[in-house]
Every structure is written in structure tokens, then in C-alpha cells.
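Visitor: Here it is, the structure, as C-alpha cells.
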2 protein chains.
Amino acid sequence: MIKCLKGNVIFAEEKNKLKVMPHSYLVINNERSAGVYESLPEEYKNAPVEDLGDKLIIPGFMDVHLHAPQWLNKGVGYSEELLPWLQKYTFPLESKFADIKFAEKYYKLFVDELKSSGTTRACIFASRHYEATKLLIELMKESGIGGYVGKVNMDRNSSEELQETYEDSVKETTMLAKEYSGDDNALVKFILTPRFVPSTTSELMTKLGEIAEKYNLHVQSHLDENVDEVAWVKELHSDIPTFTEVYEHFGLLPDNRTVMAHCIHNNDREIEVLKKHNTFIAHCPLSNFNLASGIAPIKRYMEEGLDVGLGSDISGGHTLYMPVSCVAAVSASKIYHVSHKEYSPLTFAEAFYLLTKGGGKFFGKVGSFEEGYECDALVIDDSNITSIDGMTLEERLEKFIYTGNRGNIVRIYCRGKQIK
Amino acid sequence: MIKCLKGNVIFAEEKNKLKVMPHSYLVINNERSAGVYESLPEEYKNAPVEDLGDKLIIPGFMDVHLHAPQWLNKGVGYSEELLPWLQKYTFPLESKFADIKFAEKYYKLFVDELKSSGTTRACIFASRHYEATKLLIELMKESGIGGYVGKVNMDRNSSEELQETYEDSVKETTMLAKEYSGDDNALVKFILTPRFVPSTTSELMTKLGEIAEKYNLHVQSHLDENVDEVAWVKELHSDIPTFTEVYEHFGLLPDNRTVMAHCIHNNDREIEVLKKHNTFIAHCPLSNFNLASGIAPIKRYMEEGLDVGLGSDISGGHTLYMPVSCVAAVSASKIYHVSHKEYSPLTFAEAFYLLTKGGGKFFGKVGSFEEGYECDALVIDDSNITSIDGMTLEERLEKFIYTGNRGNIVRIYCRGKQIK
């Protein structure tokens, strides 16, 4: 079925330039965009058109790294850096997801908030619990938004309640892989999720690498987030030159289907390894601020051709509402620029690219309105944002991203289907 | 008249420790706090008590640096650094405030938003226009919130429409000084406001120094925000060793009554000058991110005994809602810590101190609930912020600051008077 939305369509076709089409037609052919047109082509003349007036039509937001069970902790506990923070705040909360009633209550609220935030695809860490992870996958399916959900693997260096055995980890991961892989077109998929190197024994990483290959799974984890973490990995795997190569060694950087969060302290050698495997980078600036992790050289990654998207990293980050991460990505790049003049700051257009088409690439042809892209769209009513006369559409978009909120998102489409 | 509010009272009595008093009584004696008590002292037994249940009662937010006419530009134009940004975005908008109708329309909206943001005192730059500045002072008086409002002085290096002559600048400033000084207890006062050194001729700065002294005025300006700006000041005043000493030379750092925004690139010598005059520092982290200005060494200033508060710096910053600046202050200090290990990041308690009692000091005994402080208070209903069981009051406050919004502020008091 074909339908058309008429409005001010803005999307990031290129990395550094917005495509701005005032009072134009976004043509949706079932799940996909059939393009955006200033006037409706002859072939679509009979399709129904909804005129959204002066509203903005933009792609859905992409969140390529977040932890669903930590949602309850957002906004508290930022007095610690990564490793003590995990022990003090994160592990105690995640262990509660052994209780399926607890998981049900909070995962419902989490999915509702994720959806209302305008995020149409997300790459999600659940906890290490099989039942709760399965529940989260089902709740995501019901919500109408898409992405990946992973059961965390962690058989060492964790808290007593949260740590799992090698055997349970392999067994439960295999069950989920069997249940939720095979359908390439599924909107919500299972993703292999070793927490990070210090949490997974070599034996488990070896096995997970095999599972990734056998079921053709995507993989997500953390990389080079914090200097103490990097030193710890070096201590645990002194025979492997770098943190990145530990994942590579165990088959956990499958080409084109791995996303690594943070990538702040990677050295040149590691960047080459990431390039070799076309590893996707999840930039999580709010988390990197909150946990004093540092600033990732995102402009460098973009210039070197690596794929990058933005992650809220709840609860290292403190909000699921991705425009705040988009603003923080610009801020982080500006502070980075002050001490690294060779890398210019992210422009607003570049940050919006990361928020939409950049992150969307991890989910397929997602995050743009070019013909053939899966049609994830938000309709933005910015009429309550006071503006000066004569503002351009680019300026209206920037102003919405910097100063708007969830209330400005009046409609949400995912894969062509209106879900709000 | 004495009245009591009962609730969970939290304030920053010390610089690095919150005072947390569950289900306690804030006693308000006319304009001032008569203290906070776990149980009501005998002398107040007959005073009316309003029980606010489980709500939080915290001091009003203090915004020690912002530009009212730039409010319309918040959230746009962050592709430029300070000096080109002034020319391209700021000066054209400010020049519109020559039109009193325009000023009336937008200053009303601005004051409404400032008040609804929970800011109970603000230190405000108007534009250089006499009429519009007078109007803004009157609108602030009507609103019930307090602070300082200044007419900007700028007789060089500006746009053609916005620049004023030395004569007009002196004449209009003197008129406002006469109209709005003398009453030390006024809730809204006039403040002398040379834009910054490059905008004011030596002749004008000399005269403004005399006016400051004659009328015992407070002074606000900008200092060491951007490296190009610092170089420009050096070029304009090559006979004076530093930017800070230019202000000092012209009598524009009157002891105990000057606030300087930013203070990012000050050298050791300048810091000593600021200490000598007990100059107040307005830390504006959002603006410093947005305009790629750098990060101010706030922990150093605090350790050296300088007074610091937070400024939204609209529209260098993009929101009047001060909790976002509070979060950004913590973030900025964490990134600063990564490269300056000798200065620890701001704790949440320290950032909340800056937001309330720290900034409040510029307005008198303001920003705390200690006995004798002018009673500016916010009542926070955080019941819609999902929390885990057993959260402490400190954690609830942190969560509100990180994830709440204006909607959580259900009552506002300024100088003991309920204004919302």
C-alpha cells in the first residue's frame, strides 16, 4: 500500500549536509520510502496524501548502545568511574532481573519511554538472565519499534548474584540464538552480547565466537572506554597486543556485524583492526562525560571511513531521549577540537547524520528517506518553540534538537507503519 | 508573618556536602528563612504548617549570567566560535530591541520562561537600548523573581545598527543608574554592563568606572572566554599586561560586586587579580561547549577561595533551565579532570552548591535555607520520575536534576513570597 506524507522533510542523505525539502511529499510504499518529491509524481497521483502543514518530517532516532535493566538508575551514581560504578550501582540493579515480575514491571516502562523518545531502532543489552531477556525481546516486538536485544554473557569478575557459569551462559545463549535467529527480516533480533573482556573467560569468548559464526549473529560489546579498564584487559590477556585484538582473537569481531561502544582510548593499531572488520562504533558522549571516561575521536573515525552511530548508554548516559546525546556529541567534539586542532568539531548536520542515517546503518537500510530505505519517521510539531521570523528549516530542526522534547514528537512511524 | 513548609528539605549549606532533612519544617519569617527543623520548635507551634508530603523542598536556582535579548536564538547558530557568532547571530538579533514593541513581546515570554524554570535570581544582560532595558527591569519586578539587569555598553567594534556613541552610552547609563540605584533592598536592581573590552573604548570604560563608583553599582562583563578574544584584547590594550587588568585599570572590578562570565583562559596573574578584588565568576559550561571556548578550571577557583556560580549564558547556552547547566558543570569538570588529574571532578553536591548557594552569594544572603537567608524555594514533585525502591533523598535530588524538567517544579517562592 502506498501513502504520502506532506510536510517539511529533512534528512541526512550525506554525512555533512542536510537534505531539506520544504512542503514536499514523502512517499511510503509499504515498509519502505519510495522517495521524497517536491511535487507528487504521476505514478502516485492516486495515493492518499496526509498534509501535515508546517510540521517537520525527519527520520526516527537510532540508539546503537544502551542497557535496558539500568534504565532505573539513570540520573544517579555519577560519582564513580566505570569499574567501581559497575560494582556499586550497575551489578546490584541488574541482578534484580532474575525476578521476572520485577523485569516485567520495569521493562514495560522502559520500552514505553524508549518509544516515546522517538527512537525507532535500538541496540540493547538486557541482563544476563534468559527469561528477562526473552521478555524484553517480546515487549520490543509488541511496541512496534525495532533493533537488537542481547542476553549479557558474564562468567568472571562480577558480583556473586549476577555472575553466571560458563555452562549456563552457553546454554541460555544458544537457546536464544535458536529461537531468535534465522529471520533476516525480523524487526527485533537477538544479538550476541559478551559484557566486555574482563567479564568473560577465554573459554566463554571462544565458545561465543563459535556461536556467532554458527548462527550468523551480530555482536555488541564495550571497547576502550576507560583507562583502568584498558589496563585491566592488558593484565588479563598479556599475550594479546591490544584490547581490540582480544575480541578479534576470539572471533568476536565478525565483519560488518559488530558494534563496539565507546572506543575512546583505541590506539592506531586498534583502529586498523576495526577498519579491517568494518566494526561499527557506538559513540556515547553523555556516558563518557558522566563516568569521566574521556572523549572519543569521532571526527577521526568518520574521516577514516569507520561507521559511527550514537548511543544513549543508559545508565552511563542519563536520558533515552537521543537529541540530548546528539547535542552532547557536538559538545564533545568541540572540546576535543580545542586540544586537537587537526580535527574540526562535528557540525550540526554531521551530528544529525550520526543520530539517523549513521546509526541506522547498523540496522540495514535505515535512517534516511532515500528511495528503498525502510521508512522510520517522526513528525515534529515545533509550533510551541518560540522562533524568530525567517528561520530556515535547518535552523528549526537545530532548535528542536537543542531545545525541544518528547512532546514535540506527534507521530512515529517504524518500517512504514504508524505506531504513534 | 511566619509560615512553615513541611517536606524533604535539601540544601547546600557547605560547598561539598548536602544538608538533607527528611520530613522537616522550613520556617519562613516574612522574607527570610528562620531555619529548618526536624520537629517544630515551641516558638513556631502556632504558625500555619503546610504539609507537602513526600515532595522535595530545595533552594531556587541562581543564574548568574545570561543575555535576555538572545533568548530567541537559543538552540541555533552553534557552528561558529565567539567572535564570528556575535557578528552573525547575536548582533542582528539584539539590534531588533530598538523596537519597543518587539522587546515587549519577547521579553514577556523570556521572563515567563525564566520564572517557570525555577530560577529565582538572575544576573541579566539586556541589549544596549535604554527603553527596552527599562522595560525588562519592570517586567522582572512584576514577575516576582529578582536579580540584576544591565543596559549593555558598546561603543566600538560592533555592527552599525547596534553600536552606540560614547555620549549616548554615558547618558542612558547614568539615567538608569539614577532611576534604579539607591535602594539596597530592591529585588531587581540595575547593574553596570560593559559588553566586554573589545566593545568599549578606553574613554567609555574610564567613565563607566566612575559611574560604578559614584552610584555604588555592581558590574558584570565577560572575561577570558575565547583565545581569539584574548588575543584581540591584547592587541587593543598592549600597554596593559592582561585582559583582567584592563577591567581593573578602568575601575571595572569594584571589590565584592563584580561578576565576570567564563574565565576559561585566565593565567595565574589574572587569578590573583580576581582574588584581590573578590571578583565573582559565572561558570557557563553549556555556552563553553557550544561555542568551543574550552573548559574553565572551576575546581581550582573553588579551592583557591574564589566565589563561583552557574550561568545559562543564553544564547551561548541553549536552555534557561539551570539543572542542565548543573549537569554540564559536572561533565565539564570530569573532562577537565581527564587531562588535569590534580583537580578532581565536581561532585554532585558541589555542583548543586554552585547552582544554589554558590550563585546566590552574588545576590546577598540567598540560595540556602540557613537561618537569616532570604527564602527562595522550589517545591519538587518527583513522583513521575520512576525510581527504584530505597533511593536516598540525595539520589532523588540527583535524579531530578539529571532527568527531571520544569513540570516537576510545582511551587516557587522568592524572598518568602509564593509566586507560583
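Visitor: Could you tell me whether any residue of the range B:105-128 is buried (at least 20 other Cβ atoms within 10 Å of the Cβ), touching an Asp or Glu at 6+ places or on another chain (Cβ under 8 Å) and over 28 Å from B:Gly416 (Cβ atoms)?
Guide: Looking through the range B:105-128, at least one residue is buried (at least 20 other Cβ atoms within 10 Å of the Cβ), touching an Asp or Glu at 6+ places or on another chain (Cβ under 8 Å) and over 28 Å from B:Gly416 (Cβ atoms).
Visitor: Since B:Pro345 meets every condition but one in (1) part of a helix (DSSP H, G or I); (2) at the interface with chain A (Cβ under 10 Å from one of its Cβ atoms); (3) of a type outside the set (Asp, Glu), which condition does it not meet?
Guide: All conditions pass for B:Pro345, except number (1).
Visitor: Every residue in the range A:328-377 that is crowded, with 24+ Cβ neighbours inside 10 Å, acidic (Asp, Glu) and not assigned by TED's automatic domain parsing to the domain that holds A:Phe400, please.
Guide: Listed by number, the list holds a single entry, A:Glu350.
Visitor: Given (1) within 26 Å of B:Thr279 (Cα to Cα); (2) touching a Cys at 6+ places or on another chain (Cβ under 8 Å); (3) acidic (Asp, Glu), where does B:Glu13 come up short, assuming only one miss?
Guide: (2)
Visitor: Consider the range B:157-183. How many of its residues are in a helix (DSSP H, G or I) and free of Cβ contacts under 8 Å to residues at least 40 places away in the same chain?
Guide: 6
Visitor: Any residue in the range B:224-240 that is of a type in the set (Lys, Arg) sitting within a Cβ distance under 9 Å of a residue that is in a helix (DSSP H, G or I)? List the pairs, counting only those 6 or more apart or interchain.
Guide: So the pair list comes out as B:Lys234/B:Phe243.
Visitor: Take the range B:391-405 and flag every residue that is more than 8 Å from every other protein chain (Cβ to nearest Cβ), in a helix (DSSP H, G or I) and more than 26 Å from B:Arg32 (Cβ to Cβ).
Guide: Residue satisfying the conditions is B:Arg396 alone.
Visitor: Moving to a separate point now. B:Asp184 is checked against (1) at pLDDT 95 or above; (2) under 21 Å from the mean Cα position of the chain (by Cα); (3) surrounded by fewer than 19 Cβ atoms within 10 Å (Cβ to Cβ) and fails just one. What number does that condition carry?
Guide: Evaluating B:Asp184 over (1) at pLDDT 95 or above; (2) under 21 Å from the mean Cα position of the chain (by Cα); (3) surrounded by fewer than 19 Cβ atoms within 10 Å (Cβ to Cβ) leaves (1) as the failure.
Visitor: Which is modelled with pLDDT of 95 or more and touching a strand residue (DSSP E or B) at 6+ places or on another chain (Cβ under 8 Å), of A:Leu346, A:Leu306?
Guide: A:Leu306
Visitor: If we scan the range A:86-97, do we find a residue that is closer than 25 Å to B:Ser333 by Cβ and among the hydroxyl-bearing types (Ser, Thr, Tyr)?
Guide: Yes, the range A:86-97 has at least one match.
Visitor: Consider the range B:161-170. How many of its residues are among the acidic types (Asp, Glu) and in contact with a Ser or Thr (Cβ under 9 Å, 6 or more places away or on another chain)?
Guide: Within the range B:161-170, residues that are among the acidic types (Asp, Glu) and in contact with a Ser or Thr (Cβ under 9 Å, 6 or more places away or on another chain) number 2.
Visitor: Inside the range A:90-102, can you point out the residues that are assigned to a helix (DSSP H, G or I), without any contact (Cβ under 8 Å) to a residue 12 or more places away in the chain and away from chain B (no Cβ under 12 Å)?
Guide: The one that is assigned to a helix (DSSP H, G or I), without any contact (Cβ under 8 Å) to a residue 12 or more places away in the chain and away from chain B (no Cβ under 12 Å): A:Lys101.
Visitor: How many residues does the range A:78-89 contain that are within 12 Å of chain B (Cβ to nearest Cβ) and either aromatic (Phe, Trp, Tyr) or surrounded by 24 or more Cβ atoms within 10 Å (Cβ to Cβ) (or both)?
Guide: 2
Visitor: Taking the options A:Ile314, A:Ile385, A:Ile380, name whichever one is touching a Lys or Arg at 6+ places or on another chain (Cβ under 9 Å), under 30 Å from B:Tyr106 (Cβ atoms), surrounded by 24 or more Cβ atoms within 10 Å (Cβ to Cβ) and within 14 Å of chain B (Cβ to nearest Cβ).
Guide: The conditions single out A:Ile380.
Let's see how each residue does on (1) assigned to a helix (DSSP H, G or I); (2) touching a residue at least 24 places away in the same chain (Cβ under 8 Å):
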residue: A:Asn185; (1), (2): no, no
residue: A:Phe190; (1), (2): no, yes
residue: A:Pro198; (1), (2): yes, yes
residue: A:Val219; (1), (2): no, yes
residue: A:Asp255; (1), (2): no, no
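Visitor: Regarding B:Ser333, is this residue within 10 Å of another protein chain (Cβ to nearest Cβ), touching a Leu at 6+ places or on another chain (Cβ under 6 Å), under 30 Å from A:His337 (Cβ atoms) and part of a helix (DSSP H, G or I)?
Guide: Judged against the criteria, B:Ser333 is a match.
Visitor: Checking B:Glu371 against (1) within 14 Å of chain A (Cβ to nearest Cβ); (2) over 14 Å from B:Ala296 (Cα atoms); (3) not aliphatic (A, V, I, L, M); (4) not in a helix (DSSP H, G or I): exactly one of these is not met. Which one?
Guide: For B:Glu371, the failing item is (1).
Visitor: Would you point out the residue of the range B:297-311, among those that are in a loop (DSSP other than H, G, I, E, B) and more than 14 Å from B:Lys74 (Cβ to Cβ), that is nearest to the other protein chains (Cβ to nearest Cβ)?
Guide: Per the stated criteria, the residue is B:Pro297.
Visitor: Among what's in the range A:28-64 and is surrounded by 19 or more Cβ atoms within 10 Å (Cβ to Cβ) and either in contact with a Phe, Trp or Tyr (Cβ under 6 Å, 6 or more places away or on another chain) or modelled with pLDDT under 95 (or both), pick the residue that is nearest to A:Tyr148 (Cα to Cα).
Guide: Among them, the one singled out is A:Val64.
Visitor: If I ask for residues that are among the polar types (S, T, N, Q) and in a strand (DSSP E or B), which ones from the range B:16-28 would you list?
Guide: The answer is B:Ser24, and nothing else.
Visitor: Here's another thing I want to ask about it. Identify the single condition in (1) part of a helix (DSSP H, G or I); (2) under 22 Å from A:Glu398 (Cα atoms) that A:Glu13 does not satisfy, given that it satisfies every other one.
Guide: Result: A:Glu13 fails condition (1) only.
Visitor: Working carefully through the options A:Arg396, A:Arg406, A:Arg415, find the one that is at pLDDT 95 or above and more than 21 Å from the chain's Cα centre (by Cα).
Guide: That would be A:Arg396, the only listed residue that is at pLDDT 95 or above and more than 21 Å from the chain's Cα centre (by Cα).
Visitor: Inspect all residues belonging to the range B:62-81 and state whether any of them is part of a strand (DSSP E or B), touching a Ser or Thr at 6+ places or on another chain (Cβ under 7 Å) and aliphatic (A, V, I, L, M).
Guide: Looking through the range B:62-81, at least one residue is part of a strand (DSSP E or B), touching a Ser or Thr at 6+ places or on another chain (Cβ under 7 Å) and aliphatic (A, V, I, L, M).
Visitor: Which residues, counting only those in the range B:1-27, are modelled with pLDDT of 95 or more, farther than 22 Å from B:Gly358 by Cβ and not basic (Lys, Arg)?
Guide: Result: B:Ile2, B:Cys4, B:Leu5, B:Gly7, B:Pro22, B:His23, B:Ser24, B:Tyr25, B:Val27.
Visitor: While we're looking at this one, here's another question. Got at least one residue in the range B:124-139 being closer than 30 Å to A:Ala329 by Cβ, more than 13 Å from chain A (Cβ to nearest Cβ) and at pLDDT 95 or above?
Guide: Checked against the condition, which is being closer than 30 Å to A:Ala329 by Cβ, more than 13 Å from chain A (Cβ to nearest Cβ) and at pLDDT 95 or above, the range B:124-139 yields at least one hit.
The values are calculated or read from the model by the stated rules, or taken from the named source; none is laboratory data. Since this is a predicted model, take the numbers as computed values, not measurements. Cβ coordinates were reconstructed from backbone atoms using ideal geometry, including for glycine residues, and neighbour counts include every protein chain displayed.
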